[in-house]
Amino acid sequence: MFWRSVVGKLWFTILFLVCFVLFILTVLLLEFFQNYHIQQAESQLLQTASKITEVVERYEDRNLLLSTTALVKNPASRALITYGPDEVIVSDSESQALPKMTYNWISSDNDLSKVISEGRDVKKVTEIKEFDTEVMVVGTPLTERNGAVFVYQSLDTIEETSEQTTKIIFLGAGIAIILTTIFAFFLSTRITSPLIKMREGALELAKGEFNTKIPILTHDEIGELAMAFNRMGRQLKFHINALNQEKEQLSGILRSMADGVITINREGEVLITNPPAQQYLEADKFENDEEGTLNPSNLPAPLYELFDEVISKEQEAMTEVSLQGRSWVIIMTPLYDKDTIRGAVAVLRDMTDERRLDKLRKDFIANVSHELRTPISMLQGYSEAIVDDVAESKEDKNELAQIIHDESLRIGRLVNELLDLARMEAGHINLYVESVELAPYMDKIERKFQGLSKERQVSLTINVDPNLEWLYFDADRIEQVFTNLIDNAIRHTSEHGSVNVIIEDGGHEWMASVHDSGQGISEDDLPFVFERFYKADKSRKREASKHKKGTGLGLAIAKNIVEAHNGMISVHSKVEEGTTFSFRIPKKIDSPDS
């Protein structure tokens, strides 16, 4: 609304002050001029009475007195000359409303009668009741003769003069008010126009338009205010840009951190998170979706308990949580605002890989120790038998020496496979990719296992897709894969069983599968068959101890070789129905650098 605006308030204030001053001034002027007119009229009447007195004292002719009095007095007034009750002279007047007074009227008035009785001047405003008229009367005594001169006139004349004066005063006041209104409106508009521009500029600043500039129209305080406003806008832009840069830098740091970060205020509300922390919160929400949260701040229960401990004890706290198969270590530290705790910051570290690697390290040491303990014990026992001459005949000594030789080869094979596997997992594997004619290559592998298959009485068949003539891969490494898979299939297949090797064309890749009709692998063992030293002895038990024992590293090596070719290996098995190992390798591969 207009009255609530600065223009309206300033305009109304100036107008009110001016009207108030003009009102007081008008009242004082009216009072002053009314008194002034009365005083002037009394003074004029008194002067007229004095002049008539002089004329009366000089001349005695009545006609001459009347003519002289008419010249001396105001035409609207009357003059009364009395020498006693019987001798009264009254002059004429232009005012028809002014009656002729008598001696009785004068003598009946206490104040006017004192002019004759006491010989002093009298000024009085009185009312003639007979004519309902107010008059101003001035009386002065005659010094040489016993009598008096009275001059009187109607107050209407004075009132007319006062009305004219009042009209002029009110006209002047009205003109002053109009001019003041125009001036006040112009002045207020002139003052508030820059303020309006500043308000618009402030609204633009609030919207983020920091390039807004207020024009400087004057060099007074308002102009200085506009300069300060423009300077403030530039400073705001500078500081906000600096804050945005720091915010982006902090956001980038948080996003690039491998650890999760959660900032919590005093009420337990989450303020800032990064992607790893968000992953933890989403996992907790998924896991506790049905149960719901147990705290008012909707923080995960472990975080809330840790937050409550940090706030109450005002010190750092740590806990470890397992969630959705992952292990999280949470470290929470209080945040201070001077001496007051304003919240806490939590750092969440995903320790799953560390825990897994630590477990793998322990398992590796245990597995290596277990694998080496048996051959070393056998080497020690049989060598002691030879040293102690337990084996008396040459045949017994040769048999013991052959066992010692086989176990030493087993130890060497285990060490070599461990070295190969370590190099592969470290990425130090060289692939010598070359063009290989597939049919002769697979014939060679088939001939390699003919002796073992006949010995085990297992039927071995290899079927190659005729469309696959030439392929690109590392012949030695892929032969090692086929060797491990076929050897395992034959050795874990009972007599009169079968092992089928099928190689097919899969478009951009070629696929190989090794299927046996053995006892199969249980579902509990399937996820772990490609791990080092893992042996599913419960379902794939060897029947004769005379055959070469495996190290438990063959499938792990095969997996690394296939993945080095950008391929994938998998296994499917059912107990009592057999097992199928399959792998896929792209037809076009690049040899990785060692």
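Here are some notes:
- Helix 554-564 axis, angle to the chain major axis (alpha carbon atoms, nearest 10°): 50
- Net charge over other residues, Cβ less than 13 angstrom from the Cβ of residue 498 (K, R count +1; D, E count -1): -2
- Identified option (computed Cα Rg over 2.2 N^0.38 Å; candidates (i) 2.57; (ii) 1.54; (iii) 1.38): (i)
- Principal-axis tilt of helix 62-72 within the chain, Cα atoms, nearest 10 degrees: 20
- With each label modelled as a point 7 angstrom along the Cα→C-beta vector, the residue 508-residue 111 pair spans 12.8 nm.
- Contact order relative to length of segment 70-143, as percent, for alpha carbon pairs under 8 angstrom and 6 or more apart: 20
- Degrees between helix 394-425 axis and first principal axis of the chain (Cα, 0 to 90, nearest 10): 20
- Among 146-152, 180-186, sorting by the average number of other beta carbon atoms lying within 10 angstrom of each residue, highest first, gives 146-152, 180-186.
- Environment charge at residue 584 (Cβ cut-off 14 Å; Lys +1, Arg +1, Asp -1, Glu -1): -2
- Distance between segment 494-518 and segment 444-475 - C-alpha centres, whole angstrom: 10
- Per-residue ³J(HN,Hα) for segment 515-520, Karplus 6.51 cos²θ - 1.76 cosθ + 1.60, θ = phi - 60°, Hz, x for Gly and Pro: 10, 10, 9, x, 6, x
- Each peptide among 48-58, 246-256, 462-472 gets the average number of other Cβ atoms lying within 10 Å of its residues, and from highest to lowest they stand as 48-58, 462-472, 246-256.
- Extension gain, residue 253 to residue 314: 0.36 nm times the residue separation minus the Cα-Cα distance gives 19.3 nm.
None of the figures in this text is laboratory data; all of them are computed from the coordinates on show. Remember, it's a predicted structure, so these values are computed and weren't measured experimentally. Please note: Cβ atoms are built from the backbone with ideal geometry, for glycine as well, and neighbour counts cover all protein chains shown.
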